[in-house]
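The block underneath contains the structure these notes are about, expressed in structure tokens.
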Amino acid sequence: MSGTMSKPTLTVAMIGYQFMGMAHSNAYRQVGRYFDLPCEVRMKTLVGRREDRVRAAADRFGWEGYATDYRAAIDDPEVDIIDIGTPQDSHAEIGIAAAKAGKVVFCEKPMARNLAEAERFIEAVRASGRPSLIWHNYRRVPAIALAHQILQRGELGEIRHWRATYLQDWLVNPQAPRGWHLQKEIAGSGSLGDIGVHITDLAQHLIGPVARVTGFLKTITNERPLPGSGEMAPVDVDDVAMWLAEFANGVTGTFEATRFATGRKNYNRFEVNGSKGSLAFNLERFNELEVYFEDGPAETRGWRTIQATDGCHPFMSAYWPAGHVIGYEHTFINTLKDALTNLTLGQPISPSLEDGLQNQRVLDAVERSAASRTWIEVDSGPT
Ligand SMILES: NC(=O)c1ccc[n+]([C@@H]2O[C@H](COP(=O)([O-])OP(=O)(O)OC[C@H]3O[C@@H](n4cnc5c(N)ncnc54)[C@H](O)[C@@H]3O)[C@@H](O)[C@H]2O)c1
């Protein structure tokens, strides 16, 4: 960390420059404009393997420079944070190298292709003694942060059910190309690790640790055309992941993740039912939280929709007047606001790669359960 007397500067290098590269770059650029941070952010290096492309991306996204090998960023003594926005096959490799060099690691989800790799990754992070971040940005949707507050305050009474679906439809077309998401060697798993991990993280954040699962995985389309050539290639990951769960606190849960739900674009929906009320959220209705409370006269009781855009709602006082909605990119800005603030103040970052590991343990248990057709206990605690 360097900087002036007033505010230290955190210098960042980011690996990967496509979808998440754009989302994170935008957040680094914007976070200090909306929030009064205790630090300055310096976007020093964007890393990608193709020089022409990474140079253009660095210029477009507002990075000072670029590199074609992540080791150059890790070896740079000015860099404080290595932010990993590549597919899963390089998360642990880059993250372990960064942790060994004493860097703070920010990493996209899922943290690794499988549990063994996640365990190697966390060992290096623990040994570094540095904080870490896993980009479970949905925790910072204001309506979801509000749901967290409602649950923390116990307003729903005793919690009985968690019900989550994460539905997309970009694989309905059998001609959709066999990209990296459909290769186990790169992605680790299919819907399970891609979007199932998001509802796993939300479940463990909102309800508590998952104790045991029984899972089912299925591949619907076994081969697809390679991008460019059109030649057919195998798909060796799950297209559909479903599981039942029991949380350590006794709450029951259901989970479904698929990219074959025709018409559903980003239907990350969950519902919580308690003895005194319920709440429900759907990412396609991003600014809203539905709530139901068992109070008042029975005739007028019912579900109502909170528009979580008021200054009293989490993060919203930094943005616009009530009703002036925000969007997907703000989840990354909000995540960074908390992470950079805590990093500067020497406080723990949440969610960290420890949370990533706990999510990975659930994914691993679902895979083992689907293979053995039995209930599997989820490990918890340090390995
Ligand atoms: N938090 C979220 O909501 C969210 C959303 C989408 C993707 N993701 C996660 O982000 C990660 C990246 O996904 P994406 O959609 O941005 O992928 P993408 O295919 O759009 O981009 C991947 C980038 O990584 C680069 N890359 C790949 N291997 C590399 C290597 N070894 N060294 C340097 N660069 C390399 C590619 O050139 C590309 O720039 C994945 O782990 C994915 O699961 C998270």
Under 8 Å between Cβ atoms, at least 6 apart or on separate chains: pull out the pairs that start in segment 155-178 with a residue that is more than 17 Å from ILE207 (Cα to Cα) and end on any residue that is part of a loop (DSSP other than H, G, I, E, B) and among the aromatic types (Phe, Trp, Tyr).
ASP169/PHE260; LEU171/PHE260; VAL172/PHE260; ALA176/TRP170
The residue from GLY193, GLY250, GLY230 that alone is within 25 Å of GLY179 (Cα to Cα), modelled with pLDDT of 95 or more and among the small types (Gly, Ala, Ser) is GLY193
Could you check, for segment 170-191, whether at least one of its residues is out of contact with any strand residue (DSSP E or B) (no Cβ under 9 Å at 6 or more places or on another chain), closer than 24 Å to ARG264 by Cβ and of a type in the set (A, V, I, L, M)?
yes
HIS181 passes all but one of (1) within 12 Å of the ligand (Cβ to nearest atom); (2) more than 30 Å from ALA211 (Cα to Cα); (3) not basic (Lys, Arg); which number fails?
(2)
Tell me, please, whether a residue that is among the aromatic types (Phe, Trp, Tyr), crowded, with 19+ Cβ neighbours inside 10 Å and either farther than 14 Å from GLY215 by Cβ or in contact (Cβ under 8 Å) with a residue 12 or more places away in the chain (or both) can be found in segment 251-262.
yes
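Do we find a residue being of a type in the set (A, V, I, L, M, F, W, C) and in contact with a helix residue (DSSP H, G or I) (Cβ under 6 Å, 6 or more places away or on another chain) anywhere in segment 304-314?
In the first step, residues of segment 304-314 are kept if they are of a type in the set (A, V, I, L, M, F, W, C); the result is 306, 308, 312.
Then drop every residue that is not in contact with a helix residue (DSSP H, G or I) (Cβ under 6 Å, 6 or more places away or on another chain), which leaves 308.
Yes, segment 304-314 contains at least one residue that is of a type in the set (A, V, I, L, M, F, W, C) and in contact with a helix residue (DSSP H, G or I) (Cβ under 6 Å, 6 or more places away or on another chain).
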Which pairs have Cβ atoms under 8 Å, sit 6 or more apart or on different chains, and link a residue in segment 43-68 that is at pLDDT 95 or above and hydroxyl-bearing (Ser, Thr, Tyr) to one that is near the ligand (Cβ under 8 Å from one of its atoms) and not in a helix (DSSP H, G or I)?
TYR66/VAL47; TYR66/GLY48; THR68/VAL47; THR68/GLY48; THR68/ARG49; THR68/ARG50
Going by what's in this entry, would VAL105 be described as more than 13 Å from the ligand (Cβ to nearest atom) and crowded, with 24+ Cβ neighbours inside 10 Å?
yes
Of the residues LEU171, LEU156, only one is over 18 Å from the mean Cα position of the chain (by Cα) and within 15 Å of the ligand (Cβ to nearest atom); which?
LEU171
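Report yes if VAL141 is buried (at least 24 other Cβ atoms within 10 Å of the Cβ) and more than 30 Å from ARG49 (Cβ to Cβ), otherwise no. Give the steps one after another, and end with the answer.
Values: buried (at least 24 other Cβ atoms within 10 Å of the Cβ): yes; more than 30 Å from ARG49 (Cβ to Cβ): yes.
Spelling it out, VAL141 is indeed buried (at least 24 other Cβ atoms within 10 Å of the Cβ) and more than 30 Å from ARG49 (Cβ to Cβ).
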Residue match in segment 203-210 (condition: under 21 Å from THR374 (Cβ atoms), within 19 Å of the chain's Cα centre (by Cα) and assigned to a strand (DSSP E or B)):
yes
Does GLY327 satisfy being in the same structural domain as VAL213 (by TED's automatic domain parsing), at pLDDT below 95, over 30 Å from ALA371 (Cα atoms) and surrounded by fewer than 20 Cβ atoms within 10 Å (Cβ to Cβ)?
no
Test for ALA127: is it surrounded by fewer than 24 Cβ atoms within 10 Å (Cβ to Cβ) and away from the ligand (no atom under 11 Å from the Cβ)
yes
Note on ILE74: of the conditions (1) surrounded by 15 or more Cβ atoms within 10 Å (Cβ to Cβ); (2) free of Cβ contacts under 8 Å to residues at least 24 places away in the same chain; (3) of a type in the set (A, V, I, L, M, F, W, C), unmet is (2)
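The values are calculated or read from the model by the stated rules, or taken from the named source; none is laboratory data. Bear in mind the structure is a predicted one, so any value in this text is a computation, not a measurement. All Cβ positions, even for glycine, are placed from backbone atoms using ideal geometry, and neighbour counts span all protein chains on display.
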